[in-house]
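Since every read-out is calculated from the coordinates, none of them should be taken as a lab result. Here the structure is a predicted model, which is why all the values come from computation and not from measurement. A quick note on method: Cβ atoms are made from the backbone with ideal geometry, for glycine too, and the neighbour counts reach across all protein chains shown.
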Amino acid sequence: MRTRIARLLATLLVASAVLPFGAVSASVRPVAGGAVRVNLVAAAPLPTCAYRDIVTARTAYSQYATTLLDTIYRLPRAYFPPDLVPTGLTGGGSIRRIALADLLAMDRAARAAGARFAIASAFRSYNRQAVMFNNRVALVGKAAALRTVARPGHSEHQLGTAIDVRSYDRRTPFATTRAGAWMKANAWKYGWVMSYPSHMASVTCYSYEPWHYRYVGRSEAKLIHDSGLTVRQWIWARFGS
Ligand SMILES: [Zn+2]
């Protein structure tokens, strides 16, 4: 009992650092005016970043928006979305069909704003991620590789709903390009959230990746955006793993 109370207190302290204290209590429910109030329940505090290999809880393809992936939780090796389609954008790659319309809508809006982006990477299978990780280890050593490349099973790219983007004119660094700034401000409106924002590595477990976006659908993305939480914190707060 004592442990449970200690855990709950720790959870509330973590959550109250970024949310009003009262927001941490029940569930998602509609409120007047069409807005949705989300109250977060977590059974335990967000785990400290560590390298483990626990198969994540929600591995159904329909649960793509709330599948927790980090340096601890991973997908099964056989997780391979059945509905991959080419993005059709410069840079190519494939994503799940369910994310395509919103990707193309985001592309049109970005172009209209003079902030055109291109795809640098999209779906990656477990095996492809293994090759990438091993190549990185060979290049920079395991300790450095772990900080920048997800181990196989741990990458959001295996979901088929994550993209790395670059500016269309290949300018760098991406975060300060028009495309980078536009994506940061607007991607959520199209259902895409930045998984690894700056200065959040202690809770996301990865360094700042201004180019990496994960599709969660427009309503979920709005909730995450309004919460001020990162995707990892959000999923943990709602489901506990
Ligand atoms: Zn990425």
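Key figures
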{"quantity": "Spacing of the two label points (7 Å from each Cα toward its C-beta) at Arg58 and Ala109, in nm", "calculated": "2.2"}
{"quantity": "Gain upon complete extension [Ser241, Val140; 0.36 nm per residue less C-alpha separation]", "calculated": "33.2 nm"}
{"quantity": "Three-way shape label, the stretch 92-186, alpha-carbon gyration tensor, a/c 1.5", "calculated": "oblate"}
